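To start, the structure itself, in structure tokens.
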Amino acid sequence: PISISSSPHQEVVTFHIKAVGNWTNALQKLADEEFEDLLSHLSLLLDGPVGAPSVDLESNRYKLVLFFAGGVGVTPMFSLCNNLLHKAELGRDIRKIGFVWSTRANKHTGGDHMDIENTQYLGENPLLPMPSSFTPNLFQIPRTESPDAPGLVLSTPETSYSDDGLLFTECYMTNVEKNESMALPNGVTAGRPDINQIFKRMSAAAENMGEKRVAVCVCGPEAMIKQCKAAAIKYSTGNVYFDLHSELFEF
């Protein structure tokens, strides 16, 4: 339940820790009660890094990338996505990034839940209603040469990845029914993502761009991983292939 959520280019290293057991709950209690004092004498022992994604996101092989995150699994995906956005700003040819986050709604700040009362903004544009623990470590959106070419697109299930934009964020509140009268921020959809349709949309965009490979990174519960693996096989045709890496986060 401990993840690095910052990216290599960022000056501050951030960790997100989910309190799920005796040790992590004790750590959360200590941080809540003695936060200021804790900062003055806290020492960390770090080991690693250990392992690497089975898809090569460091080379120029992939220009199209899909991220799927379930609940707290958003933290490592957030780090990888921000790293790609930074590389795009430095000039790497990255054409489309789809970021799909499925989580529970939370009307109060905190945890790994989506915060619908404290949507953050980039200028006048609303961004994802991320938990307050991500502030100010939000998506590092590259500047575009044209004001008519947005870097960020708040997507819906009907959004085409062939539209203008680099990062397409698509969020789902799994404990909100589609017919509930809750005011949802832009880019947030009630219910669960249709993973097959998301792969289908990215496959169509890849064909339009003449790209044959799409990298897919998934971090979440087993059910989400199984659905993504099945969709990757189904939509890997003679024209487009999906290369998938998964991490099981089921807390």
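A compact table of results
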{"quantity": "Every pair of residues 6+ apart whose Cβ atoms lie under 6 Å, when the first sits in segment 64-79 and is at positive phi while the second is of a type in the set (Val, Ile, Thr)", "calculated": "GLY71/THR103"}
{"quantity": "Matching option when the condition is closer than 19 Å to TRP101 by Cβ, small (Gly, Ala, Ser) and at pLDDT 85 or above, among SER246, SER162", "calculated": "SER246"}
{"quantity": "Tally of residues being among the charged types (D, E, K, R) and over 20 Å from VAL50 (Cβ atoms) across segment 2-24", "calculated": "1"}
{"quantity": "Qualifying residue in segment 201-224 (condition: more than 25 Å from GLU58 (Cβ to Cβ), of a type in the set (Lys, Arg) and open to solvent by 80 Å² or more (accessible area, probe 1.4 Å))", "calculated": "no"}
{"quantity": "Residue within segment 85-102 that is in contact with a strand residue (DSSP E or B) (Cβ under 9 Å, 6 or more places away or on another chain), at pLDDT 90 or above, open to solvent by 50 Å² or more (accessible area, probe 1.4 Å) and more than 22 Å from VAL176 (Cβ to Cβ) present", "calculated": "yes"}
{"quantity": "Some residue of segment 193-210 being over 28 Å from LYS87 (Cβ atoms), outside any helix (DSSP H, G or I), of a type outside the set (Asp, Glu) and at pLDDT below 95", "calculated": "no"}
{"quantity": "Failed criterion for GLY70 (all others in (1) buried (at least 19 other Cβ atoms within 10 Å of the Cβ); (2) under 22 Å from TYR241 (Cα atoms) hold)", "calculated": "(2)"}
{"quantity": "Segment 60-84: number of residues that are in contact with a strand residue (DSSP E or B) (Cβ under 8 Å, 6 or more places away or on another chain) and either part of a helix (DSSP H, G or I) or among the β-branched types (Val, Ile, Thr) (or both)", "calculated": "13"}
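The values are calculated or read from the model by the stated rules, or taken from the named source; none is laboratory data. The shown structure was predicted, so the numbers you read here are calculated from the model rather than taken from an experiment. Ideal geometry is used to build each Cβ from the backbone, glycine not excepted, and the neighbour counts take in all protein chains shown. To get the accessible areas, we keep the full protein, side chains included, count just its heavy atoms, and leave off ligands, DNA and RNA. Shrake-Rupley method; radii C 1.70, N 1.55, O 1.52, S 1.80 Å.
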